Amino acid sequence: MSVKKIAVLTSGGDAPGMNAAIRAVVRTCAYHNIGVVGVYRGYQGMIEGDFKEMNARSVRDIINRGGTILKSARSKDFRTPEGRKVAYENLKAAGVDSLVVIGGDGSFTGALLFNQEYGFPVIGIPGTIDNDIYGTDFTLGYDTALNTVIEAIDKIRDTASSHNRLFFIEVMGRDAGHIALNSGIGAGAEEILIPEENIGLKKLLSSLEKSRSTGKTSSLVVVAEGDKIGKNVFELKEYVEQHHPDYDVRVSVLGHMQRGGSPSCFDRVLASRMGVKAVESLLEGKSNYMVGIRSTKMELTPLEKAIKGSSKINTELLRVAEIMAT
Ligand code: F6P
């Protein structure tokens, strides 16, 4: 089958660099003289026929912008066979024959199902700040989010140090500790709590006590949102205060600010490379793959593997974090 028109959409949680990826998909289509439409609000827009014909000029001035010009959504309707059927009919009516999905594993699950039901060629681009997708060393938005987080933690450090306080700082990462671990090392945290490794409350206390005894007057503990220690950041604060009434403890939940902002140069370049690779893979007749970067090279991973596999924490980083907290 020769590719004539590609649809591109962003789905799931947005991430800085999604616009740069949309731009790359659109410009690569223009370069190869094939049509391209943008689909608004992810799969929901596919069901509602919310499409926009695009050309190289439609994506001017967006490489530097956070968020996604196509908007994003988590569509419930696309989880139903009826919803997917309507989506398929809309794509066909618009003359679209191939799809590029920019999103996380939930979005890829929908893409794979759509392909299995309708044989629709699809390629995924991993876009999520969590960096929790198998088959790529880095997801789009992760590098920017890390820089946003360390900028925020540096500021918290100033006030923590002025008041001799202990801060629990919650960062995003529902199932993965990549943001917490890397930003924790980058910002010089005392302890880093991640879902992949439950250090336990006792060790947390003893580590804080040790820091005090070695002359530290303030401490930063970075906690991944999905940490399995069994307590959220506010309960952690209470727990420490119960055991150490002399500690002055505060909590800061960084939240959705981590998903915004202008993408870093790394994310812009990565998005551009992924967009080119996605479109050219479709032109080569490939389908059901996710593009990724592995050891600086662009690679394809079957979507099924990307969905089922898990991204592993680098244990060397755990050791570095521990040594740095000495
Ligand atoms: O998957 C990305 C992510 O930012 C997670 O880290 C976070 O748990 C989730 O999205 C938040 O989702 P929502 O924007 O729907 O609240």
Residue by residue through the stretch 73-124, note down the ones that are surrounded by fewer than 20 Cβ atoms within 10 Å (Cβ to Cβ), within 15 Å of the ligand (Cβ to nearest atom) and in contact (Cβ under 8 Å) with a residue 24 or more places away in the chain.
A73, R74, G106, T109
Inside the stretch 315-326, the number of residues satisfying the requirement of being surrounded by 12 or more Cβ atoms within 10 Å (Cβ to Cβ) and more than 18 Å from S206 (Cβ to Cβ) is 2
Residues of the stretch 155-192 classified as away from the ligand (no atom under 16 Å from the Cβ) and out of contact with any helix residue (DSSP H, G or I) (no Cβ under 6 Å at 6 or more places or on another chain), total:
14
Answer residue from the stretch 222-237, given it is among the hydrophobic types (A, V, I, L, M, F, W, C) and touching a helix residue (DSSP H, G or I) at 6+ places or on another chain (Cβ under 7 Å) and is nearest to the ligand (Cβ to nearest atom) among those
A224
Of the residues that make up the stretch 186-200, is at least one in a helix (DSSP H, G or I) and modelled with pLDDT of 95 or more?
yes
Filtering the stretch 9-20 down to residues that are farther than 17 Å from A73 by Cβ and either away from the ligand (no atom under 13 Å from the Cβ) or surrounded by fewer than 24 Cβ atoms within 10 Å (Cβ to Cβ) (or both) yields G17, A20
Residue, surrounded by the fewest Cβ atoms within 10 Å (Cβ to Cβ), within the stretch 125-145, restricted to residues that are of a type in the set (A, V, I, L, M) and within 13 Å of the ligand (Cβ to nearest atom):
I133
Conditions: (1) touching a residue at least 12 places away in the same chain (Cβ under 8 Å); (2) more than 30 Å from G13 (Cα to Cα). G141 meets all but one. Number of the miss?
(2)
Give the stretch 63-106 a look and list any residue that's within 22 Å of A278 (Cα to Cα), acidic (D, E) and outside any loop (DSSP other than H, G, I, E, B), or say none.
D105
Contact list please: Cβ distance under 7 Å, first residue in the stretch 261-278 and within 17 Å of T148 (Cβ to Cβ), second residue surrounded by fewer than 21 Cβ atoms within 10 Å (Cβ to Cβ) and of a type in the set (K, R), pairs at least six apart or on different chains.
S262/R65
Selected residue [part of a loop (DSSP other than H, G, I, E, B) and over 24 Å from the mean Cα position of the chain (by Cα)] from K312, K237, K228, K286
K286
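Quick grid of which residues meet (1) of a type outside the set (A, V, I, L, M); (2) in contact with a strand residue (DSSP E or B) (Cβ under 9 Å, 6 or more places away or on another chain):
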{"site": "L146", "(1), (2)": "no, no"}
{"site": "I156", "(1), (2)": "no, yes"}
{"site": "H163", "(1), (2)": "yes, yes"}
{"site": "G173", "(1), (2)": "yes, yes"}
{"site": "K203", "(1), (2)": "yes, yes"}
Of the candidates V240, V249, V253, the one satisfying the condition of being within 16 Å of the ligand (Cβ to nearest atom), more than 18 Å from T128 (Cβ to Cβ) and not assigned by the TED database to the domain that holds N115 is V253
If I go through the stretch 256-275 residue by residue, how many of them are part of a helix (DSSP H, G or I) and away from the ligand (no atom under 16 Å from the Cβ)?
10
Residue check, A278 within 16 Å of the ligand (Cβ to nearest atom) and under 21 Å from D137 (Cβ atoms):
no
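The values are calculated or read from the model by the stated rules, or taken from the named source; none is laboratory data. As the structure is a computational prediction, the values presented were derived from the model and not from experiment. So basically every Cβ, Gly included, is an ideal-geometry build from the backbone, and we count neighbours across all protein chains shown.
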